Amino acid sequence: MSKSPVIAPTDAYSALLTRMRELRVADSIEQILDWDSETYMPRGAAAHRGEQAALIAGVAHERRTSDELGALLERAARETGGDPVRETNVREMRRVHERAVKLPTALVQEIARSTTVAKEAWSRARADRSFSAFAPHLQQILDLKRQVAERVGWDSEPYDALMDEFEPQARAADVQRVFDELKRELVPLVQALTSAKRQPDLALLSRPAAVEGQQRFNRLVSEAMGFDFTAGRLDISTHPFCTGITTRDVRLTTRYNERYMPQSLFGVMHEVGHGLYEQGFLAEHEFTPMAAAVSLGIHESQSRMWENMVGRSAAFWRHFYPRLQAEFDSYRDVPESAWVFAINNVRPSLIRVEADEVTYGLHIMLRFEIERRMIAGKLAVADIPQAWNEGVRSLLGITPPDDAAGCLQDIHWSLGIFGYFPTYQLGNLYAAQLYAAAERAMPDLEAKIAAGQMRPLLDWLRTNVHHHGRRYRAHELVKVVSGSELSPRPFLDYLNGKYRALYGV
Ligand code: ZN
């Protein structure tokens, strides 16, 4: 009806902004409850915390799926006036709303119940190193997630409907093509590196490093990267994570090991990478999808870029190694080159979370292939351990001694999370493609990093990635920023360039 260019303050879009804000506030309450239970909450509070989390999750779900919101979204969609910010916010709110209303409350509750039980069963089965105790739970969750895929809908295969939750619009068949291309070069590269004569001295990574020294050094590096501690914190938890509550409240965690300092250091650089993204959205868009991450893959690209492309580069250590030696006496006699080689060691291993950046992709390809076959009904639950072990043998040349070091190692399936794993490796690929674009835009980037100046990279990421919020889908963002479609080429070029030089192959 109305074609007026001036939009009244009482229009549907303004009402929608209010709803968006309320929903983000509700979600952020859940986040702070989670953060607290992972960091400071006494164990005795667990039961009450469960009630708090369930209540707030219920409120948020009700609001997210309400008919009123649906009607508001329809009206607001007609009132965007072609404005890209409004279009993005309406489109993204709609996507989340439409997905949520397709899932009946009974199904959502059944998944919540089953995964709570399955998580415990998985934990016990892993401790007992036996898949068979977990199998019936996994079967049940798989059946439920297949129902989710059917309700959500898909074009090519049900896996797409599940992956869409984490990597909107990604298609398994496209991911497979990219992974296949990657695998063709990754497998021979791993073989070349592991059989190289020149090998790093890994023992130097376990030199003693006091927790207080690690904390000081982590802080020095985090601040140099640009993390704003007036709008964030770094605490301790068993499983490190980053949670962006608002752009002015970003919480990171780490854990310390006095005989393995790189774990915390690179873990912190990883989480700071996530945290810089969360702090980097524009304040004017706070509480809307324009101040939210594109996808898990793009989020992971930010963490991997800072952790690996910056943090494990020779340039970075030219500035920081003397500072590391000043902090840790035990490193005084370790040459900088030996340190850089050791933190870039490559060797096939069984556990994904401990894998280096070269072999990491192979761990993901295995999970991706198995998950896709499971969801498609082409792999029976009982056959998973065998498929897993054969996959590890063919990709990495080693064999898990038991299921705990094999198909039981990751928590995801017990939580009903399928389609999440590929986003980890997509993150590596996006990171390399974005970083190559940053290097083209700033030919002196490496020299800047070697001088301890990381602000130019952060500013470039702010402008080219962070400030866009969810304006672009992941594949669009990569194209807009780099000028080409997602390709494994920049990642392979990066790996070949760095590792062949280090290992002399
Ligand atoms: Zn991460």
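The values are calculated or read from the model by the stated rules, or taken from the named source; none is laboratory data. Nothing here was measured: the structure is a model prediction, and the numbers come from that model. Note: ideal-geometry Cβ built from the backbone for every residue, glycine included; neighbour counts use all protein chains shown.
With (1) farther than 27 Å from Glu300 by Cα; (2) acidic (Asp, Glu); (3) outside any loop (DSSP other than H, G, I, E, B) as the list, and Asp333 as the residue in question, which single condition is left unmet?
(3)
Could you count how many residues in segment 140-169 are in contact with a Lys or Arg (Cβ under 8 Å, 6 or more places away or on another chain) and farther than 21 Å from Ser295 by Cβ?
Total meeting the criteria: 1.
Please state which one of Ala53, Ala77, Ala127 is in contact (Cβ under 8 Å) with a residue 12 or more places away in the chain, buried (at least 17 other Cβ atoms within 10 Å of the Cβ) and among the small types (Gly, Ala, Ser).
Ala77
Glu307: within 11 Å of the ligand (Cβ to nearest atom), in contact with a strand residue (DSSP E or B) (Cβ under 6 Å, 6 or more places away or on another chain) and assigned to a helix (DSSP H, G or I), yes or no?
Criteria not met by Glu307.
So which of Phe316, Phe287, Phe328, Phe341 ends up being modelled with pLDDT of 95 or more, more than 16 Å from the ligand (Cβ to nearest atom), of a type in the set (Phe, Trp, Tyr) and at positive phi?
Phe287
Residue pairs, Cβ under 7 Å, 6 or more apart or interchain, first in segment 258-276 and in contact (Cβ under 8 Å) with a residue 60 or more places away in the chain, second within 12 Å of the ligand (Cβ to nearest atom). List them.
Phe266/Glu307; Leu276/Gln302
If you scan segment 273-295, which residues turn out to be over 18 Å from Thr18 (Cα atoms), in a loop (DSSP other than H, G, I, E, B) and more than 13 Å from the chain's Cα centre (by Cα)?
Within segment 273-295, Gly280, Phe281 qualify.
Of (1) over 23 Å from the mean Cα position of the chain (by Cα); (2) free of Cβ contacts under 8 Å to residues at least 40 places away in the same chain, Leu103 satisfies all except one. Which?
With (1) over 23 Å from the mean Cα position of the chain (by Cα); (2) free of Cβ contacts under 8 Å to residues at least 40 places away in the same chain applied to Leu103, the lone miss is (2).
Filter segment 198-249 down to residues that are in a helix (DSSP H, G or I) and either outside the structural domain of Ala451 (by TED's automatic domain parsing) or more than 16 Å from the ligand (Cβ to nearest atom) (or both), then give me how many there are.
21
Just to be sure before I move on: is Val294 among the hydrophobic types (A, V, I, L, M, F, W, C) and more than 14 Å from the ligand (Cβ to nearest atom) in the structure I sent?
yes
Only one residue in Asp493, Asp410 is over 20 Å from Gly273 (Cβ atoms) and within 16 Å of the ligand (Cβ to nearest atom). Which one?
The conditions single out Asp410.
Return only the number of the condition from (1) farther than 25 Å from Pro168 by Cα; (2) surrounded by fewer than 22 Cβ atoms within 10 Å (Cβ to Cβ); (3) of a type in the set (Ser, Thr, Tyr) that Thr254 does not satisfy.
(2)
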